[in-house]
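A short worksheet on the structure shown next.
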Amino acid sequence: MSLPKITADAVRSMKGRGRVSALTAYDFAMARLLDDAGVDVLLVGDSLGMVVLGYPDTTHVTMDDIEHHLRAAARAKPRALLGADLPYHSYETPADALANARRLVAAGAEFVKAEGGRTILPQVRAVLDAGIPVMGHVGMLCQHVLELGGYRIHGKNDAERDALLADAAALADAGVFAIVLELVTPLVAAEITRRVAVPTIGIGSGRECDGQILVTTDLLGTTPGFIPKHVKPRMSFATDARAAISGWINELRA
């Protein structure tokens, strides 16, 4: 008997019981593979700019980029909940946020994710009021990495802690179904998790969150080079792939 489709409400209900598993997917094959493995949430993340398109950061990713990869992942028809990032500058106003969220839904998204807290509440509410589920995201906001001067841990002082708590509470009160906590100190991430009524999904924020999300290429060791400290690769695909390809070439030339 097939298992029921995972919805945003189903993920919301995972608060306080079990751990939400979430991974990124950028194409049909990976979406199918991750879904077969039993992942709860698939995100067509703007991380594709760095791990697929070769950009230095996520600020170069466009709506066209996200839509293209989302349509590919959606063709896998996953049981997992499938969503996509609203990319940089695509939700400057409530009208922009709603128009672009609708565009992603038309391409196959079952939710959208936006970075920010209280400063984007009008945009979040506009999307939610249209019946489109929203996943929040606080802590390290990668779309603002250039303004922030690089990637760093957030919540190390009282001012940052208070701001993170207020942002998470505001998003939860607005009606998001889950909140990503990226590079938040574990103590603050645990406090947010205790205080908000929706699941927290951590990335580099300790194990007290209600779930975890990773960039799949980091988990599998697909892309050679830098792997974030919070990731423990489960295999070294790039190394094995190079060996397999070199072996094929040597056999071909023998």
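Every read-out reported here was derived from the displayed coordinates using simple, explicitly stated rules and does not represent laboratory data. All values derive from a computational prediction rather than experimental measurement. For neighbour counting, all protein chains shown are included, and Cβ atoms are generated from backbone atoms with ideal geometry for every residue, glycine included.
Using a cut-off of 12 Å between beta-carbons, work out the net charge of the residues near Val184 (Lys and Arg +1, Asp and Glu -1, Val184 not included).
-2
Be a star and scan the stretch 90-128 for residues whose amide nitrogen sits under 19 Å from the point 7 Å along the Cα-to-Cβ vector of Ser2.
Under cut-off, by backbone N: 108-110.
Name the trypsin sites (Lys or Arg not before Pro) in the stretch 172-220 that are in a loop by DSSP and that have at most 11 other C-beta atoms within 10 Å, would you?
Arg207
What is the antiparallel percent of DSSP beta bridges lying wholly in the stretch 8-253, to the nearest 5?
Antiparallel bridges make up about 5 percent of those DSSP assigns within the stretch 8-253.
What length, rounded to one decimal in nm, is gained on full extension from Glu92 through to Asp36, with 0.36 nm per residue of separation minus their alpha-carbon distance?
Stretched fully, the Glu92-Asp36 segment lengthens by 16.5 nm.
With labels modelled as points extended 7 Å from the Cα through the Cβ direction, what inter-label distance (nm, one decimal) is found for Ala99 paired with Asn250?
5.7
If I model a spin label at Ser13 and Leu53 as a point 7 Å from the Cα along the Cα→Cβ vector, what separation in nanometres do I get?
Label at Ser13, label at Leu53, 3.7 nm between them.
Helix-only mean residue ellipticity at 222 nm, the chain, DSSP H runs n ≥ 4 weighted -39,500 (n - 2.57), per residue, nearest 500. What is it?
Taking each H run of at least 4 residues, the total per residue is -12000 deg cm²/dmol.
Give the Cα extents of the stretch 1-152 along the principal axes, in whole Å, largest first.
The principal-axis extents, from largest down, are 49, 34, 31 Å.
Largest first and to the nearest Å, give the Cα extent of the chain along each principal axis.
65, 39, 39
In the stretch 128-213, if every C-alpha pair distance is counted and binned at 5 Å from zero, what percent goes to each bin?
The calculated distribution, bin by bin, is 3, 17, 26, 26, 17, 8, 3, 0.
The stretch 57-98: Rg/Rh from Cα coordinates, Kirkwood Rh?
1.03
With an 8 Å Cα cut-off and a minimum separation of 6 or more residues, compute the relative contact order for the chain in percent.
Relative CO of the chain lands at 17 percent.
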